1. Scan region 251-261 and give yes if some residue there is more than 24 Å from Ser103 (Cα to Cα), modelled with pLDDT of 95 or more, assigned to a loop (DSSP other than H, G, I, E, B) and not assigned by TED's automatic domain parsing to the domain that holds Gly13, otherwise no.
2. Of all residues being among the acidic types (Asp, Glu) and within 19 Å of Gly266 (Cβ to Cβ) in region 294-334, which is modelled with the lowest pLDDT? Just the residue, please.
3. Quick test for you: out of Gly218, Gly199, Gly207, Gly195, pick the one residue that is touching a Lys or Arg at 6+ places or on another chain (Cβ under 7 Å) and in the same structural domain as Leu302 (by TED's automatic domain parsing).
4. Test each condition in (1) under 19 Å from Ala220 (Cα atoms); (2) in contact with a helix residue (DSSP H, G or I) (Cβ under 9 Å, 6 or more places away or on another chain); (3) surrounded by fewer than 16 Cβ atoms within 10 Å (Cβ to Cβ) for Glu318 and report the one that comes out false.
5. Which of the numbered conditions does Glu142 fail, given that it passes all the others? Conditions: (1) surrounded by 21 or more Cβ atoms within 10 Å (Cβ to Cβ); (2) assigned by TED's automatic domain parsing to the domain that holds Val19; (3) within 17 Å of the chain's Cα centre (by Cα); (4) on the phi < 0 side of the Ramachandran plot.
6. Could you pull out every one of the helices (runs of 4 or more DSSP H) wholly within region 274-332 that has 1 or more residues that are under 13 Å from Val190 (Cα atoms), in contact with a strand residue (DSSP E or B) (Cβ under 6 Å, 6 or more places away or on another chain) and β-branched (Val, Ile, Thr)?
7. Of all residues in region 276-300, how many are farther than 14 Å from Gly195 by Cα and in contact with a Leu (Cβ under 6 Å, 6 or more places away or on another chain)?
8. For a quick check of your reading of the model, give me the residue pairs whose first member lies in region 296-325 and is free of Cβ contacts under 8 Å to residues at least 60 places away in the same chain, whose second is surrounded by fewer than 19 Cβ atoms within 10 Å (Cβ to Cβ), with beta-carbon atoms closer than 6 Å and at least 6 apart or on different chains.
Amino acid sequence: MTRAAVFGTGNWGTAFSLVLADAGTEAVLCGRRAELAERINRDHENAEYLPGIALPDSVRATTDPAEALHGADFLVLTIPAQSLRENLSRLCPLLGPATVLVSLMKGIELGTCMRMSQVIAEVTGAGPERIAVVSGPNLAQEIAERHPAASVVACADRAVAERLQKACHSPYFRPYTNADVIGCELGGAVKNVIGLAAGIAEGMGLGDNTKASLITRGLAETARLGVALGADPYTFSGLAGLGDLVATCASPLSRNHRFGRLLGTGHTVAQAQALVRQTTEGVKSSESVLELARRHGVDMPLVETVVAVVHEGRSPREMLAALMARSAKSESLY
């Protein structure tokens with residue numbers, strides 16, 4: 001039987017463990033809090049993050065990384081992007097030589113501007129054939145409720161991608177394979193930043209024309225950066241690009257959208273963080289995405305606007321005016 005160790009007991013880690021179990025894969029959740037693991041094992045529910053969702057009996061939880069990783073075919077990482085390096089460093093001695101490292105994280109590391117797969121490779125020494133990414137329009141609550149959804153499993157090794165595809169292919173979760181790890185990761189990381197912008201616009205009382213414009217131009221910015229980094233531009237028209245972007249920009253279930261909406265209604269960043277409570281990847285990754293774009297000479301005005309509001313204290317209305325005052329130009333994706 002295929003076995004997966006899922007590190008991270010929040011919304012997405014718990015929801016993905018449910019997907020794995022429904023696909024016939026043994027899933028072990030691993031977290032830091034003993035009381036949460038005990039409740040999951042006792043009640044078959046993660047009431048703190050996904051209340052009311054019954055977990056299959058085959059899903060169990062532990063705080064012991066060695067126990068979780070024993071015999072694991074896949075190590076699934078759903079922890080906050082900025083803590084990946086530190087946490088993964090502690091796991092390295094426990095990894096089997098053939099364990100596939102799977103990133104469900106959607107962020108860019110601060111300082112290094114590395115994608116999550118690059119951090120994984122640097123920390124573990126694993127080759128591209130052992131590193132995979134799962135990305136797409138995958139709001140955890142809807143997946144936990146078993147609403148039909150699709151996603152992308154990306155890996156440089158087609159056979160590994162197909163193994164992972166089989167491990168998480170359930171009656172309601174349909175994964176497609178892709179070899180473009182760069183494009184799938186960038187789509188997931190940048191959409192969080194554009195989701196903040198869409199939430200800010202909604203909080204300001206702006207309508208669907210504004211949101212559609214943000215989604216479309218946000219996709220163009222993502223594609224420009226992706227092409228500069230060697231991604232396949234067609235990836236951005238698929239599930240890991242446009243699909244994920246639409247879900248994040250349109251749904252109140254998205255943390256990034258919710259955080260942005262709070263900013264748009266006049267809350268400070270600190271107030272928004274207190275209300276959202278969980279990690280909002282776009283807040284920290286926005287700086288890394290912008291720095292990555294500047295290193296490659298890519299213009300990303302929407303990302304610049306979000307950084308100015310979230311990290312430089314500029315008001316949403318001030319930055320909207322600046323954005324609309326930019327010189328007119330020809331429409332271009334790349």
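The values are calculated or read from the model by the stated rules, or taken from the named source; none is laboratory data. Nothing here was measured: the structure is a model prediction, and the numbers come from that model. All Cβ positions, glycine included, derive from the backbone under ideal geometry; neighbour counts span all protein chains shown.
1. no
2. Step by step, filter region 294-334, then rank; the result is Glu318.
3. Going through Gly218, Gly199, Gly207, Gly195 in turn, just one is touching a Lys or Arg at 6+ places or on another chain (Cβ under 7 Å) and in the same structural domain as Leu302 (by TED's automatic domain parsing): Gly199.
4. Unmet for Glu318, out of (1) under 19 Å from Ala220 (Cα atoms); (2) in contact with a helix residue (DSSP H, G or I) (Cβ under 9 Å, 6 or more places away or on another chain); (3) surrounded by fewer than 16 Cβ atoms within 10 Å (Cβ to Cβ): (1).
5. If we test Glu142 against (1) surrounded by 21 or more Cβ atoms within 10 Å (Cβ to Cβ); (2) assigned by TED's automatic domain parsing to the domain that holds Val19; (3) within 17 Å of the chain's Cα centre (by Cα); (4) on the phi < 0 side of the Ramachandran plot, just (1) comes out false.
6. 281-295
7. 3
8. Here the result reads Ala308/Arg314, each pair linking region 296-325 to a residue that is surrounded by fewer than 19 Cβ atoms within 10 Å (Cβ to Cβ).
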